[in-house]
Amino acid sequence: MGSLSLVQQQKMQMKLAPAQLQVIRLLEIPTVDLVQRINEELQQNPVLEEGPDPGAQEHDELEDRNDLLGGDIEDSYREQEQDRREYDAADDDFEPILYSNNGGYDEQFSSREIPYGGDSLIDYLKSQVYLTNMTKPQRHIAKWVLGNIDDDGYLRRTIEQLVDDLSFKEGLQVSDEEMESIVRQIKEFDPPGIASATLKECLLTQLRQKEQTEGVCMATRILNRSYEAFAKHNYERVKQRLDITDEQLRMGINEIMRLNQSPTNAFEANAIDTRREQIIPDAEITQQDGRLRVTLMSDHIPALHVSGEYQQMMENMKSTKEQRQKNRDAVQFIRDNINSAATFIEAIRLRNETLLLTIRSIAEAQKDFFLDGDESLIRPLVLQTIADEIGMDVSTVSRACNNKYVQTDFGIYPLKFFFSDTMKTSDGEDVSTRAIKKIMRELVDSEDKSNPIDDEGLAALLTERGYPLARRTVAKYRDLLGIPVARLRRQI
């Protein structure tokens, strides 16, 4: 039997002060959520009050300072004491908090990834269950069935499988006929095509719900009678089987191409529109006469101060030794809440300064885009570059950029939109992969749809323009852009 031994190890571990942890947490959340967080703190801490500090001295509006980039960038954010107060990130008295942590960052970012607090697809579908004439037990079964719908909106389980699973997992007995009736009603829910078992069924369901024009009827014929040939883009066989002309085939295909291959696409498109309407930008980057201005949008953030009444109350309670002993618990309660309120107010201030410094650095790095609006002008940029520029940890920059949006003269953009990898052109110049993807999208949009460009052809065209890419790299970028392969882009 082996003996046990104790091994002593020495490790270095960084511990953050509570105030620093609070700054990190506040830095992670966007402005719209910061307001909710402040309201929660106001409810929890009686010493924290909303509004300007009545005991604070009034400050005059600071003069504009424009010594960044030769006078090309201004920084500002709305301070608690004032409607608007401007800061220069290069000032000596601007001392951003320095802290380190182990947070990471995923550089695989898509502009479609917009956070949304609305209902999920399943919640939306469950709400429609109550619009049917199902009985209460049937509604329970219907909501269970909805849980079997996959991420693409398909219900790939057979009626028999659903019945067996319901019996085994829920202990509920239902006939095949009743389950089929419930599923049939679910398939009439919005978005069209939801709970379809196959792509063909999904497309046909969408066509049934459209106005039965000549094109819709032709699309229905193609899917019903020649789906396999159509799916393989064997259009000659489709024409022969249906005995139709090129124009009739083109008419039907055009209708099919307007349909959603995934039933969730329609819901997500509407949800994205709703998300965009709900987005409150965290900052604004505008330009005038070649000068950029960076402003934190803090109108929605209430001013905060520590209650003077509680401070005076604590002083009165400890004015004498007898009172200090008598009111020891009350004094400690007030002192703890005062410290907590002061820490929270300071954390918000530091959060704003850190966010402002980060966005200013991004504006400086991507100045050409903010002046012109052409996405091909976006330079290669990674988080580490900004972190080095402002003297902070890369994870801090990641938190500052996560789920944050800026209003520009050309629309609202997520901060992570301005980060991308780099590659070298044939001339040795660094270029953003985002610019290359934009060129690739333009090439596909302008191609001859009857003879679309394959990946090898795209690679050759990009090489001619000075962007030498391997075919597999082109295929990777094409997939990231959501562009189908050439044979699936072919049109009559």
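Residue pairs exceeding 32 angstrom between C-alpha atoms, taken from 143/239; 404/438; 143/200; 126/239: 143/239; 126/239. Spin-label model, residue 40 to residue 325: label points 7 Å out along the Cα-to-beta-carbon direction sit 4.2 nm apart. Fully extending the segment from residue 465 to residue 489, taken as 0.36 nm per residue of separation minus the present Cα-Cα distance, adds 6.3 nm. Peptides 375-383, 471-479, ordered by how many other C-beta atoms sit within 10 Å of their residues on average, highest first, read 375-383, 471-479. Karplus-derived 3J(HN,Hα) values for the stretch 477-489, using 6.51 cos²θ - 1.76 cosθ + 1.60 with θ = phi - 60°, are 5, 4, 5, 5, 7, x, 8, x, 5, 4, 5, 7, 8 Hz; glycine and proline are entered as x. Estimated at 0.36 nm per residue, the fully extended path between residue 412 and residue 190 surpasses their Cα-Cα distance by 77.0 nm. Overall, the stretch 199-262 carries a charge dipole of about 180 debye about its Cα centre when +1 sits on the Cβ of Lys and Arg and -1 on the Cβ of Asp and Glu, all other atoms neutral. Sparsely packed loop sites in the stretch 344-417 (the chymotrypsin sites (Phe, Trp or Tyr not before Pro) outside DSSP H, G, I, E and B with at most 15 other Cβ atoms within 10 Å) comprise 410.
Order by neighbour count: 33, 243, fewest other Cβ atoms within 10 Å first, most last.
On the way: 33 15, 243 7.
Exposure proxy ranking, most exposed first: 243, 33.
Coordinate-derived values only; no laboratory data. What you are looking at is a predicted structure, and each value in this text was computed from that prediction instead of being measured. Cβ coordinates were reconstructed from backbone atoms using ideal geometry, including for glycine residues, and neighbour counts include every protein chain displayed.
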